[in-house]
Amino acid sequence: MFQPLPQYPDHPALEEEVLAWWDAESVFGRLRERNRGGPRFSFMDGPITANNPMGAHHCWGRTLKDVFQRYKALRGFDQRYQNGFDCQGLWVEVGVERDLGLNSKREIEEYGLAEFAERCKERVAEYGEIITQQSRRLGMWMDWDNDYYTFSDTNIEYIWRFLKECHERGWLYKGHRSVEWCPRCGTSLSQHELINSYAELTHPSLYVRFPLRGRKGESLVVWTTTPWTLPANVAAAVKPDAEYGVTEGGDWWAVERNPDATFVRRVRGDELVGLEYEGPFDSLPAQQGVVHPVIPWDDVALTEGTGIVHIAPGCGAEDFELSRVHDLPVLMPINEAGRFYEPYGEFEGRSTEDVEGTIVVELERRNLLVEAGSIIHRYPICWRCATPLVFRIADDWMIRADEIRQPMLDANATVEWTPDFYSKRMDDWLRNMGDWNISRRRYFGLPLPFYPCDSCGQLTVVGSLEELRERATGGLEQLKELHRPWIDEVPIRCDCGAELRRVPEVGDAWLDAGIVPFSTLGWQNPEWKRGGYANGAAAGLTDADLPDHAYWEKWYPADWVSEMREQIRLWFYSQSFMSVTLTGRSPYRSVLTYEKLLDEHGREMHRSWGNAIDAAEALQNIGADVIRFMFCEHVPSQNLKFGYGPADEIKRRLLTFWNSVKFFVDYANVAGFRPGPETPGELQPLDVWLLERTEQLLAELTEAYERYWTPAVMRSFDSFVDDLSNWYIRRSRRRFWNGDEVALWTLWHALVRSLQSVSPVMPFLAEFLWRRLRAEDAPESVFLAPWPEPRDRDESLLEEVAEVRRVVELGRQARGDAGLKLRQPLRRLVVQGAGPAQRHADEIADELRVKEVEFGPVEAMELRVKPNLPLLGPKLGKELGSVRAALEAGEFEQLEGGGVRVNGHDLSAEEVLVERSARQGWALAEDESLTVAVATELDEELRREGRVFELIHRLNTMRKEAGLALTDRIRVTLPESDADLLQHADWIKEEVLAIEVATGSVSEPQIAKVQAAT
Ligand SMILES: [Zn+2]
Ligand SMILES: [Zn+2]
């Protein structure tokens, strides 16, 4: 007896049941044990930031990771299953700041760095646990007690080692440069943090006069959207070869930028170069002694503004570059918190936004304001806290990228990307990458091990904890972990004897994640250390070991990694940068990447927009299998629309498979069927076909998994389920009613193999059904059974039946177009273009309810040919009229290749427009090679048979609604108006399991269960 299935699957409930069973039976542990020592599949998990619960978008990547790890496990591969958490840096800091209600670096310092670090660690522990629970619920099988946490001392030491290597190669430098800066976070952002982080913002748009010295009444007019930069102005740039003009009022503009103005005099830009002007805020102490020249700049844009650009080198990257070329002073007006420094008079201590009003009023008062308005433009914002960024000059620690660029490109050439065009995206990023800005002026992050010496000028980079201990002059006793503030209490000795302090900066979080192919695998570690990864801040959170170098040799590089596309400039990049530096090789052999998750209407998901769906909610309401199905079906190079609507659609489709299994279980139980290893009797042709079709599914799925392409997995599975349900089962119903063991065995075999093959995608459903269907001697779990290796197939049989199914599909379309229900029998069907399907005329007739099937030319088709006028007009000239008339009258001959011969002209396929339509009394459908025509005319007999089919359907529905068992017999009473149907009484009886069909005084058909004889 197979355990009966409910009418509909309750996905969340059955998943909880399976999860509990997996735990109770240690299925994952047994699977790992089975595969131990097998061939290796090395997957490296990109760390998820342990800073929030999972969002629906995290489920996408984690589904793909799990699908391929499960697939490889089914095929016997030994795997590591180590999950990673990203634990330090701005994400976590900003989260903690929010929780504590802190809103500036000063407030953090007042709170205390030690306490702050503790809060950060607590947050990581809390969300690490939540993410673990949610990932397990998603069905992700990982070694959850063995996670790596990037804030462990071991991870930090490995980064130190990498930084020391960079220093030894001469790549490390402190750059004085203009950087984009978040005034709230109080730190610069690096190139990879800026992409896509923009918002539409409204800013002032000011046209401002800079009065020229020695040219009374004449002024340059500049345009700015950042008024706060005006107090730091030092120059104005013009385009040397552009034309400038001065208006009657004395205002200089690029002529092109003010086409309606009347200019009294015009000059080339280079004639203005060298003039001097009065700066807008010359009276500020900061401006004392600053001369304001007009400088040349070829890049002055003539597409916006006035063609004269206000230059403030302390407030813009290009301005800063110009200051080097023209030896301009660099005035830096704002501090780390974005507030004005003291020499800026009345602006001191105020924010950039706050001074805008004052500046406008002041310019107006001095008649320097031409026009004040506002502008909405795309403006960079902090990716973490959404504060608009400003430019500042900062000293940041940088790693030079020019020497590593080509080796990284070479390494990328060895990587197989899926989809493959992402390889080029990676190349583009590498070709354009600037030097890596690795420093952040923050607190809870990787402490940069940089110790500059003022006495001898040498920079010491500490490469390990051991080296730190050797050089330390004190403070080791309080060094509980390699984080601020403790690390800052450990001074070291310089080679020259001076005592050195660490720089205050911490590192870019992408260093933390980029080092994991080394730190987690024990690169160059002489001896395996138990729990060697669970140190520093990670102590107590994991049991992870620090393996030895031999282990690294085994598992590096990763065979496969998978993260979303934006990781090209983040993790894929930082990992590759560090790996190519340390080993000259790519850290991964193949990559699967995917795009963004949007809401079901195609909008980005944001908590603040109320359209974000978090993972817990989705898993609880939809269930993991349906979510996994949705992600797997999606082509990863396109954004995915996620929501309850699309999920319902998938549930509906999954029901077809469920119903097939339920159908089997119900009939197998009626027949008392138990599956054995071999078919219990002679296979019928349809059985042979289904077995071949199942092998085809296995071959297609295996091929798709091998190339990391789940859309092909889902497409093949869908089409198989359709064949299974809408062909095999439909066409074999009668055999199941009769308890035919061969049909039951064949269906059972197909179901078991297909659910095995799709188990990596839908592990819960597959397990749930496997446990009900498996043969007694089969493993208890679908994941403990070996992968069903496909065998060679009879391709010609598969093609033959595929063609039959296409004929039937076209026949249905034709019927549908003519408004004829499938229950209405028809007289004739003509099929043109069929090959092996001709051997299946009876099945086609039966499926399409036609009495007669013919194979041959479809004469019921009318060809209407019209001239393609743009081509034929010029060619035929005056003869066009007669040709057109002949075509209309049908007086033409068809030529090979789609052309026609008419009135002695041979016209090519391009020169004519061909329309096909059905003649009166026929309906047509066609695809590339097949044309199917059905006769639509109905006579008395056909109508009556149509009514019988309707009646049978109705009676069977009534049986179901009355809750009758499959074997219950009934009596049928029909209204007198249906008396003519009694000539088909035997047919009706057989189809509805009736022992009697009669008419009576009823207005609607009625059924009554026949009670068993007592
Ligand atoms: Zn910020
Ligand atoms: Zn020194």
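The values are calculated or read from the model by the stated rules, or taken from the named source; none is laboratory data. Owing to the predicted nature of the structure, the values given are computational and were not obtained by experimental measurement. For neighbour counting, all protein chains shown are included, and Cβ atoms are generated from backbone atoms with ideal geometry for every residue, glycine included. Just so you know, the surface numbers come from the protein's heavy atoms only, side chains and all, with ligands and any DNA or RNA stripped out. Shrake-Rupley method; radii C 1.70, N 1.55, O 1.52, S 1.80 Å.
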Measure of size requested: the Rg and Dmax of the stretch 595-733, with Cα atoms as the atom set and Å as the unit; please supply both.
19.0, 64
P(r) weight above 18 Å for the stretch 877-927, C-alpha pairs, percent:
38
Sorted list, accessible surface of protein heavy atoms, 1.4 Å probe, largest first, for Arg137, Arg405, Arg36, Arg730 is Arg36, Arg730, Arg405, Arg137
Isotropically averaged projected area of the stretch 124-174, using the convex hull of Cα atoms (one quarter of hull area), nm²:
5.4
What base-10 log of the normalised intensity I(q)/I(0) is obtained for the stretch 696-750 from the Debye formula, alpha carbons as equal point scatterers, at q = 0.12, 0.31 Å⁻¹?
-0.36, -1.13
Report, in cubic angstrom per residue, the convex hull volume of the C-alpha atoms of the stretch 788-926.
169
Largest-first principal axis extents of the Cα set of the stretch 1-76 (Å)
43, 36, 19
Using only the Cα atoms of the stretch 364-414, build the gyration tensor, take square roots of its eigenvalues as a ≥ b ≥ c, and label the shape rounded, prolate or oblate: rounded if a/c is under 1.5, else prolate if a/b is larger than b/c, else oblate.
prolate
Checked the stretch 77-167 against the a/c 1.5 cut and the a/b vs b/c comparison, axes a ≥ b ≥ c from its Cα gyration tensor; verdict oblate
Can you tell me the orientation of helix 624-633 relative to the chain, as the angle in degrees between its alpha-carbon axis and the longest Cα principal axis, to the nearest 10?
80
Over the stretch 181-335: Kirkwood hydrodynamic radius from C-alpha pairwise inverse distances, Å:
16.5
Over 13 Å apart: what share of the alpha carbon pairs of the stretch 75-122 falls there, rounded to a whole percent?
62
Given only helices, namely DSSP H runs of n ≥ 4 each adding -39500 (n - 2.57), what is the per-residue ellipticity at 222 nm of the chain, to the nearest 500 deg cm²/dmol?
-11500 deg cm²/dmol
Using the scaling law 2.2 N^0.38 Å as the reference, what is the normalised Cα Rg of the stretch 519-672?
1.50
Can you tell me, using C-alpha contacts under 8 Å and at least 6 residues apart, the relative contact order of the chain as a whole percent?
12
Area accessible to solvent at Met142, 1.4 Å probe radius, in Å²
10
Ignoring solvent entirely, what values of log10 I(q)/I(0) come out of the Debye formula for the stretch 491-600 at 0.12, 0.14, 0.24 Å⁻¹ when each Cα is a single scatterer?
-0.59, -0.76, -1.24
Put Trp383, Trp510 in order of accessible area, largest first, probe 1.4 Å, and you get Trp383, Trp510
Expressed in square angstrom to the nearest 10, the accessible area of Lys239 with a 1.4 Å probe stands at 50
Mind running the shape call on the stretch 322-362? Use the C-alpha gyration tensor, a ≥ b ≥ c as the square roots of the eigenvalues: rounded below 1.5 for a/c, prolate if a/b tops b/c, oblate otherwise.
prolate
Tally Lys and Arg at +1 and Asp and Glu at -1 over the other residues with C-beta under 9 Å from the C-beta of Leu409: what net charge comes out?
0
Gained length - Lys641 relative to Glu780, 0.36 nm times residue gap less alpha-carbon distance:
46.4 nm
Rolling a 1.4 angstrom probe over the protein chains, ignoring ligands and nucleic acids, what is the accessible area of Trp297 in square angstrom, nearest 10?
40
Considering just Cα atoms, how many Å³ per residue does the convex hull of the stretch 17-131 enclose?
135
Treating the stretch 752-828 as a set of equal point scatterers at the Cα positions, no solvent, please give the Debye-formula log₁₀ I(q)/I(0) at q = 0.12, 0.16, 0.25 Å⁻¹.
-0.63, -0.76, -1.05
Among the listed pairs Lys851/Lys989; Lys851/Lys960; Lys596/Lys641; Lys105/Lys480, which have their C-alpha atoms separated by more than 18 angstrom in this model?
Lys851/Lys989; Lys851/Lys960; Lys105/Lys480
Where only protein heavy atoms count, and the probe is 1.4 Å, what is the accessible area per residue for the stretch 809-952 in Å²?
55
Treating only Lys and Arg (+1) and Asp and Glu (-1) as charged, each at its beta carbon, one finds that the stretch 263-314 has a dipole about its Cα centre, in Debye to the nearest 20, of 180
Sorting Glu362, Glu928 on solvent-accessible surface, 1.4 Å probe, most exposed first, gives Glu928, Glu362
Rounded to 5, percent antiparallel among DSSP beta bridges of the chain:
70
Mean projection area, nm², convex hull over Cα of the stretch 856-1014
15.4
The chain - convex hull of the alpha-carbon atoms, volume per residue in Å³:
261
